[in-house]
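Notes follow the structure.
Bear in mind that the values in this text are calculations on the coordinates, not laboratory data. The model shown is predicted, which means the values in this text are computed figures rather than measured ones. Every residue, glycine among them, receives a Cβ derived from its backbone with ideal geometry; neighbour counts consider all protein chains shown.
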């Protein structure tokens with residue numbers, strides 16, 4: 001069981017109604033790999049950082065058994081930086097700064113030992129970077145999952161379409177699904193997106209849960225109702241990492257197992273949002289994850305004879 | 001098994017992105033009683049209409065086995081009228097007209113034969129009208145469910161609090177729960193509302209489903225993802241009627257059975273929104289309801305060993 005992910009490893013500077021941070025560890029590949037590795041999956045990152053990326057963060061990722069042989073460090077470059085401020089309801093945010101830095105000319109290189117990975121998770125990045133990683137894998141992975149966002153639809157639609165038609169699972173949020181399909185109904189949106197390539201579509205609805213579509217089948221998992229959401233940053237990536245990681249850990253890619261994978265992704269995402277950045281995921285123990293999964297089961301389990 | 005409801009029986013005039021209507025049959029008690037009666041429950045209405053209320057609508061309700069002995073008809077009065085226009089996303093709407101008419105001086109009278117009803121569903125109305133109905137029931141019903149809205153919180157807070165402390169279940173939407181409790185987190189909101197009287201709180205989130213809270217327990221049911229939502233009018237009332245009706249039909253008021261009741265309410269609400277007003281509920285057969293319940297079960301059923 002192995003999972004390779006490509007995505008940002010970044011500095012985030014965040015402000016929520018509950019507090020603010022200096023530059024802290026963030027990025028899609030960071031959350032994805034931490035979630036996957038927590039599930040006992042051999043996990044590797046393909047990404048790039050600058051010489052300003054602290055040894056401390058490298059050590060943290062390594063301590064989580066994340067393989068960094070695919071993490072390029074450009075000594076005289078600067079790490080990708082994102083600064084954002086969340087509104088009071090935490091459902092929307094303003095981007096205050098985006099500095100691409102070393103990401104601007106990023107040419108991903110998949111290490112030799114990762115060219116037979118079982119699951120490939122293409123985190124939110126330029127579609128041509130995602131495509132380049134997919135093309136470097138010698139044997140087609142058993143599962144390829146892709147995450148993207150509206151920015152790439154606006155600016156690199158054609159490139160996105162060429163990579164999307166190669167993947168098994170697309171993971172996007174509700175607004176992005178509507179934009180991509182031109183359909184308001186999420187049911188119709190998923191159907192249309194399935195004609196673009198992915199056999200399976202996950203539509204993330206933030207605090208309102210996530211929908212899993214495949215052929216005529218639909219599964220829904222709510223987000224865990226939390227007393228407090230502290231910082232939503234990384235929730236979507238954690239979800240995607242938990243979903244892909246669970247499938248990698250079980251090597252069972254059936255629809256029934258994808259349902260469980262959605263629950264794992266949702267449970268892990270519910271942990272991420274409890275503190276700033278990766279803090280909460282970093283402290284997560286097997287026991288607390290099990291307790292969280294149990295709460296999930298209680299939340300949506302019922303018996304009904306028809 | 002018997003359910004009595006008090007609420008509006010009304011004329012609605014609706015405009016959605018898909019079409020518009022003249023005055024059609026609407027009102028909380030109409031949807032509640034149709035949902036409850038569909039589940040085989042002996043169902044009665046306490047309400048008032050004017051001399052302009054057509055015989056055809058009376059016949060329709062009677063044909064659904066709804067007891068109208070508590071429906072007062074004021075020959076020289078006019079029936080309550082509401083006109084609304086939905087925005088493109090169907091999640092918000094503008095009220096274009098509200099004419100209270102015969103509702104302005106409504107003094108509800110519970111017929112003798114209903115003074116021992118098992119379940120009482122207090123539909124959205126002035127809290128003193130709700131209270132008056134509750135006080136006319138001789139033997140405390142086994143379950144009292146109350147629905148209300150922000151209007152009554154704004155204008156009749158004290159009266160609302162006196163009736164809320166007498167009920168078992170409160171059913172409101174997410175924004176109303178936030179307003180009532182002063183808490184943004186729905187988890188916290190439900191906890192606070194439970195200190196105001198109701199042991200059980202249902203928070204309706206429209207297309208995002210519904211949460212059921214009791215003590216420390218939470219259950220979540222999504223709304224069924226539909227290809228098209230045509231007209232959301234009456235969805236919340238249908239949900240409340242299906243929930244209360246299912247409990248009345250089974251006479252089992254446990255938390256486990258309330259979960260099933262939520263599923264029934266959601267399934268019935270998903271039927272209501274498919275056509276204008278009561279049209280879709282009117283045509284609903286047992287077979288189609290079972291098929292809808294089956295889709296619900298598929299949507300949220302999963303197996304996970306922990």
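The Cα atoms of the stretch B:208-253 give a gyration tensor whose axes a ≥ b ≥ c have a/c of 1.5 or more with a/b no greater than b/c, which makes the shape oblate. Counting only other chain Cβ atoms within 10 Å of each residue's Cβ, the peptide A:293-306 averages 6.
Ranked from largest, the principal axis spans of the Cα set of chain B equal 65, 42, 36 Å.
Using alpha carbons only, how many angstrom separate the centre of the stretch B:114-171 from the centre of the stretch A:154-227? One Cα centre to the other: 42 Å. Compactness of the stretch B:1-137 was expressed as the Cα radius of gyration divided by 2.2 N^0.38 Å, which yields 1.06.
Restricting the calculation to Cα atoms, the stretch B:129-169 shows an Rg/Rh of 0.97 when the hydrodynamic-style radius is the Kirkwood one. Only bridges with both residues in chain B count here: give the DSSP antiparallel percent, nearest 5. Taking every DSSP beta bridge within chain B, about 40 percent pair in antiparallel fashion.
Determine the percent antiparallel among the DSSP beta bridges restricted to the protein assembly as shown, to the nearest 5. Working shown, then result.
Values: 42 of 108 bridges.
The antiparallel fraction comes to roughly 40 percent.
For residue A:294, inter-copy separations between label points set 7 Å beyond Cα along the Cβ vector come to 3.6 nm, shortest first.
For each of B:296, A:230, count neighbouring Cβ atoms within 10 Å of the residue's Cβ, then give the residues from fewest to most.
Details: B:296 23, A:230 18.
The fewest-first ordering by Cβ neighbours comes to A:230, B:296.
Of A:114, B:157, the sequence from fewest to most neighbouring Cβ atoms within 10 angstrom is B:157, A:114.
Take each residue of peptide B:219-226, count the partner chain Cβ atoms within 10 Å of its Cβ, and average: the result is 6. Across the identical copies, the label point of residue B:75 (7 Å from Cα in the Cβ direction) is separated from its matches by 10.1 nm, in order from shortest. Under a Gaussian network description of chain A, with springs only between Cα atoms under 10 Å, the residue in A:44, A:265, A:197 that fluctuates furthest is A:197. The residue of chain B whose Cβ sits closest to the rotation axis that maps B onto A, together with that distance in whole Å, is B:208, 2. Sorted largest first, the principal axis extents computed over the alpha-carbon atoms of the stretch A:184-306 equal 40, 35, 30 Å.
Helix-only arithmetic for the protein assembly as shown: the sum of -39500 (n - 2.57) across DSSP H runs with n ≥ 4, divided by the residue total, places the mean residue ellipticity at 222 nm at -11000 deg cm²/dmol. Across the identical copies, the label point of residue B:283 (7 Å from Cα in the Cβ direction) is separated from its matches by 5.6 nm, in order from shortest. Taken residue by residue and averaged, Cβ atoms of other chains lying within 10 Å of the Cβ of A:257-263 number 2.
At a threshold of 8 angstrom on Cα-Cα distance, excluding pairs fewer than six apart, so keeping six or more, what relative contact order does the stretch B:2-300 reach in percent?
With pairs under 8 Å counted, the relative contact order is 17 percent.
In terms of packing, defined here as the mean over residues of other Cβ atoms within 10 angstrom, the peptides B:177-185, B:217-225 line up highest first as B:217-225, B:177-185.
For the pair the stretch A:274-288 and the stretch A:7-68, the centres of their Cα atoms are 13 angstrom apart. Under conditions of 10 °C and 1.306 mPa s, the protein assembly as shown yields 61 µm² s⁻¹ as its translational diffusion coefficient, taking Rh as the Kirkwood radius over Cα pairs in the Stokes-Einstein equation. In the elastic network of chain A, a GNM with C-alpha springs shorter than 10 Å, the most mobile of A:33, A:63, A:171 is A:63.
Dividing the mean sequence gap of close Cα pairs (under 8 Å, 6+ apart) by how many residues the stretch A:57-152 holds gives a relative contact order of 21 percent.
Cα gyration tensor of the stretch A:77-189, axes a ≥ b ≥ c as square roots of the eigenvalues: rounded (a/c below 1.5), prolate (a/b > b/c) or oblate?
Working: a/c = 2.08, a/b = 1.22, b/c = 1.71.
Oblate.
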